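The values are calculated or read from the model by the stated rules, or taken from the named source; none is laboratory data. On a predicted model such as this, the values are computed, not experimentally measured, just so you know. Cβ: placed from backbone, ideal geometry, glycine included. Neighbour counts: every protein chain shown.
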Amino acid sequence: MPSLESSIKEELLRLAAEAGFDACGFVSAQTAPHREPFLRWLEAGSHAGMDWLARTPERRTDPRNILPGCQTVIILAKNYFQGGPNRRSSGRIARYAYGQDYHELMFTAMQPVCEHLSRCGGIQKPYVDTGPVLERDFAAASGIAWQDKSTMCLNQKLGTWFFLGTILTTLSIEPDPPARNRCGSCTRCIDACPTQAITAPYQLDSRRCISYLTIENKGSIPLEFRTAIGDRIYGCDECLEVCPWNRFAEASRESRFLMPAAVQSMSLRSLATLSQEEFRSLFRHSPIGRIKRNRFVRNVCVALGNVGTEEDLPVLRDLASGSDALIAEHAAWAIAEIQSRD
Ligand code: SF4
Ligand code: SF4
C-alpha cells in the first residue's frame, strides 16, 4: 500500500500535468546549494541595479526563512517555446516576452496544486519569478533541470525555454534526485554572448547582459554595449539560441505564448512613435508592458541606431528634441550612428 506521502505526490504530479505543466520536481527545504557563490556574486556587484536581490539574502537562500515550517519546495516548469526562427525580422524580442505575461497564467495553473496541498493540511506560498527564492538552484536540486553554464536552467526535453513556478509547502513530500549537469565541454553560450556577460562558466555579470540592460535597467544604456545590442529591443536570447540542447525543444501547446500579429508586423519606426496610450494598448497583456513606454522607446532608438537608415532620421529627430531626456539622449546617439554609416 502506498504511503500517504507518495499518494500525495502522485496526485500532485497528476494535477500539475493536467494544469499544463511540462515538468514537476520536489526537493526538501534546505539552504540553497549555491548560497555561497550567490553571496559572492552579490558582493561583486554582478546583480547590477537589481537591488532587491541583495535585500534579504538569508530569506532568498533558505525557504525555511520565508515560510516557517517549510519542508518541501515544489518546482513546476511550463514550456513557452514557439518553434521556428525569431518572429520579428528586425527589432528582436526575447521569446519569453512574445505573448501574454506569464505571471498570472502560471499562478492560475498552480492553483489546483496549491489547493490539493491545502486539503492535505499544508500551508503554502506560491511564487512565479518574483519571490525571494533562488528558484534555479532549487529547480536543479529538484531534478527538473540543471543550472547550465549561461546560468539558465536546462531540461533535456524542454531545452531552456520554460518558465518556473515555485511552491513552498509545510508538507513533507518525498524529494527527487538532483539533475545531472549535461553541459560537458561545450562553451557555445559563452562564446556567442555579444557582450561577454558570461564571464566564466556559471558566472553572469548582469551589468553586461543585454537582458538586464534593456529590461531591468531604468537609466541610460552604457555606450560600450549599444552596438552589441544590435536590433534587440527587449531582452536577448543569444545564449539560448545557440545551445545544442535546444535542438530537441518542441513547441508549446500554449497558444497564449505566441506573438500577436500587431506586434509581429510593426516596424521599428512605428514602435518608436508609439504614444503612451498606444504602448499601453499594444503591450497591456505582455511582459513588455512592465518596462513602460520610455524605456521601451529608449531600446528602439538603440536598435534604430544599429540597423536604421536615413528614412528613420525624421522620427529620431522628433524624439531627440522631445521632453523625455532618456529617449532624447538615445535618439541623438542613433542619429549620429546612422549618419556615420551613411
Ligand atoms: S542574454 Fe544575451 S547578453 Fe545576456 S548572457 Fe545571454 S547572450 Fe549574453
Ligand atoms: S550552450 Fe553548451 S555550455 Fe551553454 S548551456 Fe548549452 S550545453 Fe551548456
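In the range 296-308, is there at least one residue being part of a helix (DSSP H, G or I) and farther than 18 Å from Arg232 by Cβ?
Kept after step one, since they are part of a helix (DSSP H, G or I), are these residues of the range 296-308: 296-307.
Now restrict to residues that are farther than 18 Å from Arg232 by Cβ: none.
No: the range 296-308 contains no residue that is part of a helix (DSSP H, G or I) and farther than 18 Å from Arg232 by Cβ.
Check off (1) under 25 Å from Ala251 (Cα atoms); (2) part of a helix (DSSP H, G or I) for Thr214 and give me the number that stays unchecked.
(1)
Within the range 117-169, which residues are touching a strand residue (DSSP E or B) at 6+ places or on another chain (Cβ under 8 Å) and among the polar types (S, T, N, Q)?
Ser118, Gln124, Ser142, Gln147, Ser150, Thr151, Asn155, Thr160, Thr166, Thr169
Picking from Ser286, Ser267, which residue would you name as being closer than 20 Å to Trp161 by Cα and in contact (Cβ under 8 Å) with a residue 60 or more places away in the chain?
Numbers: Ser267 fails: closer than 20 Å to Trp161 by Cα.
Sole residue among the options that is closer than 20 Å to Trp161 by Cα and in contact (Cβ under 8 Å) with a residue 60 or more places away in the chain: Ser286.
So which of Arg119, Arg136, Arg188, Arg180 is of a type outside the set (Gly, Ala, Ser) and within 13 Å of ligand 1 (Cβ to nearest atom)?
Matching residue, one of Arg119, Arg136, Arg188, Arg180: Arg188.
If a residue must be over 19 Å from the mean Cα position of the chain (by Cα) and either outside any helix (DSSP H, G or I) or closer than 22 Å to Lys218 by Cβ (or both), how many such residues does the range 21-41 contain? Before the answer, list the steps.
Of the range 21-41, the ones over 19 Å from the mean Cα position of the chain (by Cα) are 25-37, 39-40.
With either outside any helix (DSSP H, G or I) or closer than 22 Å to Lys218 by Cβ (or both) added as a condition, the list becomes 25-34.
Residues in the range 21-41 being over 19 Å from the mean Cα position of the chain (by Cα) and either outside any helix (DSSP H, G or I) or closer than 22 Å to Lys218 by Cβ (or both): 10 in total.
Residue under question is Leu326, and the condition is that it be buried (at least 21 other Cβ atoms within 10 Å of the Cβ), outside the structural domain of Ile233 (by TED's automatic domain parsing) and in a helix (DSSP H, G or I); does it hold? Outline the logic, then answer.
Details: buried (at least 21 other Cβ atoms within 10 Å of the Cβ): no; outside the structural domain of Ile233 (by TED's automatic domain parsing): yes; in a helix (DSSP H, G or I): yes.
For Leu326, the condition - buried (at least 21 other Cβ atoms within 10 Å of the Cβ), outside the structural domain of Ile233 (by TED's automatic domain parsing) and in a helix (DSSP H, G or I) - is not met.
Quick check: anything in the range 166-180 surrounded by fewer than 20 Cβ atoms within 10 Å (Cβ to Cβ), closer than 26 Å to Tyr98 by Cα and within 16 Å of ligand 2 (Cβ to nearest atom)? Walk me through it before giving the result.
Of the range 166-180, the ones surrounded by fewer than 20 Cβ atoms within 10 Å (Cβ to Cβ) are 170, 172, 174-178, 180.
Still in the running and closer than 26 Å to Tyr98 by Cα: none.
No, the range 166-180 has no match at all.
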